[in-house]
Ligand SMILES: Cc1cc2nc3c(=O)[nH]c(=O)nc-3n(C[C@H](O)[C@H](O)[C@H](O)COP(=O)(O)OP(=O)(O)OC[C@H]3O[C@@H](n4cnc5c(N)ncnc54)[C@H](O)[C@@H]3O)c2cc1C
C-alpha cells in the first residue's frame, strides 16, 4: 500500500484527489487535508456578496469525498517536511510516498495599514456576509474597487465585481459614482493593449473610471493613500495583497520570487515526489509575464500530477503534461459574459484573446460550477 498526501482541498487539491482515485489501486491511500469544511469555487464569493445566489448553493462538504475512497482530514497544517514527504497537523505527523502541495495563496490584508479597518475584503469568504450587509445598507456616494497588490487570484475578477456592483446599486436607484484602481499600467496586461481597451470599454460603459499605476500604501477613513496622491471613497471594496502561505515558505518550498517555482509542465518541485499546484506556484510565460492564478489552471495541474504520481507508483511512463490552456468567464453586465481564453504557455508569446460577449457564456458560467461540483462530489 502506498499513500499520497494532498495538502489543500481547493480547486487543485480536489481535482488531483478525484483523478488519483481513478488511477491508483484500491488499497493505495489518498489523504486530503484542509482546515475548511467546504469546497466552493472562487466566483461564489461575488455571487454571495451581490445576492445573485447564496453561498450554500455552491458549497460541498469536503468530507463527502470519503464516499469515493478519499480520506479527508479537517486539520490545520502547521509544518511541511518536503524532504520526508510529511506534514504536521494539530493531531500529529503524517508521512507519505508522494505529496501534492495545493494550499492556494494567503490573503494578507494586514500588509496595508487600515485595510482591515476600512475596506470590505472582496476575496475572503469569511468576511463576505458582513460585506454584504454593508452593501445592503449603502445609501449612495463614492464607490471604489481597488487592487492592493499583484499577483492576485483571477485577474479579471475585480473588474467583474465592479461592473456587477454598479448594476446592483443602479438597480436600487442609488445616487453614486464608481472608480477602480490597479497598481498595473492597464487592466489586464496579459491581454495586451487591444484586449485591455475592450475591458476598459466595458468599464467606461458603466461609467466606472479606472485608475492604472496606483500603488496603495494605506487606507484611512474616507481616503486611500497611494505612492503619489489620494482617492476619496464612501464605500471601498478591496482585493488584498496575496502571499504564498507561510507554512510553505517556512518549508523552504518558496524561492526568491516568494512563490513555489515548479517545472511548468510536470509541476515537480526541487524535492523528490513533491509536487506543487495552483495559486501558490509561479510559472513563467514566454513573454516574461507569469501564469495568472486561476482555478482552471489549478484543476488542470491537479489532473497532471495525479497521473504522474500514479504512473510512478505503477512503474510506468505518463505523457501527462500541463498544457497552459484555459478559459475564464468574465461577466460584463446586462446578463452577458465573455471568455478570456488562451494558450498561456505558447511560444514565443502567450496567445490570449477575448470572445464576443453573450448571454450563453453567462449561462455557461453556472454550468462551469455545477459540472465540477457534480463530477467531484456527486449529487
Ligand atoms: C472572486 C473570485 C473569482 C474567481 N473567479 C474565477 C474564475 O472565474 N475562474 C477561475 O479559473 N478562477 C477563478 N478564481 C480563482 C480561483 O478561485 C483560484 O485560482 C483557485 O481557487 C486556486 O486553487 P488552489 O487549489 O490553488 O487554492 P484554493 O482553491 O485557494 O485552495 C487552497 C485550500 O488550502 C487550504 N489551506 C490553506 N492553508 C492551509 C493550512 N495551513 N492548513 C490546512 N488547509 C489549508 C484552504 O482552506 C483552501 O481550501 C476566482 C477567485 C476569486 C476570489
Inset, instruction - Could you state the angle between the C-alpha long axis of helix 157-171 and the longest principal axis of the C-alpha atoms of the chain, as a value from 0 to 90 degrees rounded to the nearest 10? - result: 40 degrees
Inset, instruction - State the Cα centre-to-centre distance between the range 224-248 and the range 73-133 in whole Å. - result: 19 Å
Legend entry - Distance (nanometres) between label positions extended 7 Å along Cα→Cβ at residue 84 and residue 268: 2.4 nm
Inset, instruction - Would you please give the FRET efficiency between residue 207 and residue 38, computed as 1/(1 + (r/R0)^6) with r the Cβ-Cβ distance and R0 = 35 Å, to the nearest 0.05? - result: 0.45
Inset, instruction - Figure the gain on full extension for residue 68 and residue 318 (residue separation times 0.36 nm, minus the Cα-Cα span) and round it to one decimal in nm. - result: 87.6 nm
Inset, instruction - Pop out the Kirkwood hydrodynamic radius of the range 107-241 from its pairwise C-alpha distances, inverse of mean 1/r, in Å to one decimal. - result: 14.9 Å
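Ranking request for peptides 17-26, 161-170: highest mean number of other beta-carbon atoms within 10 Å first, then the rest in descending order. Present the calculation step by step, with values, prior to reporting the outcome.
Details: 17-26: 17.9, 161-170: 20.2.
Per-residue mean Cβ counts within 10 Å order the peptides as 161-170, 17-26.
Ranked from highest to lowest mean number of other Cβ atoms within 10 Å per residue, what is the order of the peptides 260-269, 206-215? Don't skip to the end; give the middle numbers.
On the way: 260-269: 19.9, 206-215: 16.1.
Highest to lowest by the protection proxy: 260-269, 206-215.
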Inset, instruction - Report, to the nearest 10°, how far helix 359-377 tilts away from the longest principal axis of the Cα atoms in the chain, using its own Cα long axis and a range of 0 to 90°. - result: 30 degrees
Legend entry - Distance between modelled label sites at residue 221 and residue 52, nm, 7 Å Cα→Cβ extension: 3.4 nm
Legend entry - Backbone N under 17 Å from the residue 142 label point (7 Å along Cα→Cβ), restricted to the range 172-204: 175-182
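Highest mean first, how do 185-197, 94-106 rank when packing is the count of other Cβ atoms within 10 Å averaged over residues?
On the way: 185-197: 16.4, 94-106: 23.2.
With the highest mean Cβ count within 10 Å placed first, the list reads 94-106, 185-197.
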Inset, instruction - Determine which residues of the range 323-341 fall in the zone a paramagnetic label at residue 360 would reach in this model, i.e. backbone nitrogen under 14 Å from the point 7 Å along Cα→Cβ. - result: 337-339
Inset, instruction - Please compute the Cα-Cα pair-distance distribution of the chain with 10 Å bins starting at 0, giving whole percents from short to long. - result: 5, 23, 32, 25, 11, 2, 0
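Quick note: the coordinates plus some simple rules give every number you see, no bench work behind them. Every value quoted in this text rests on a predicted model; they were computed, and no experiment measured them. Every residue, glycine among them, receives a Cβ derived from its backbone with ideal geometry; neighbour counts consider all protein chains shown.
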